[in-house]
Amino acid sequence: MVSYKIVRCPFCRGILAVKVGQKTKTCTYCGKRIKVSSLKALALAKDSKEAGLMVRFLKAKEAGLAHELYRSEKLKDRAQRI
């Protein structure tokens, strides 16, 4: 069962992890209140640890550093599905 989804703030484009079923979230980057149900999930995670890894990976991928920072086979397999 998936318990977290990774979303992008529509105001500042920050990447956030939110619990599935959560209605709103305050963006940790810009402080704006976001209606989570209207956002597309970038990825899904089964627990908070995996959600944190996914957020960090997506940030690194955006910066063009993902393959340099994450050489683990498990993360590479997971990343290719994103």
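No lab work stands behind these numbers, since they all come straight from the coordinates. Remember, it's a predicted structure, so these values are computed and weren't measured experimentally. Every residue, glycine among them, receives a Cβ derived from its backbone with ideal geometry; neighbour counts consider all protein chains shown.
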Can you put S48, S37 in order of Cβ neighbours within 10 angstrom, beginning with the fewest?
S37, S48
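List the trypsin sites (Lys or Arg not before Pro) within segment 29-64 that DSSP assigns to loop and that have no more than 14 neighbouring Cβ atoms inside 10 Å.
Details: sites: K32, R33, K35, K40, K46, K49, R56, K59, K61; in loops: K32, K40, K46.
Of the trypsin sites (Lys or Arg not before Pro), the ones in loops of segment 29-64 whose Cβ has at most 14 other Cβ atoms within 10 Å are K32, K40, K46.
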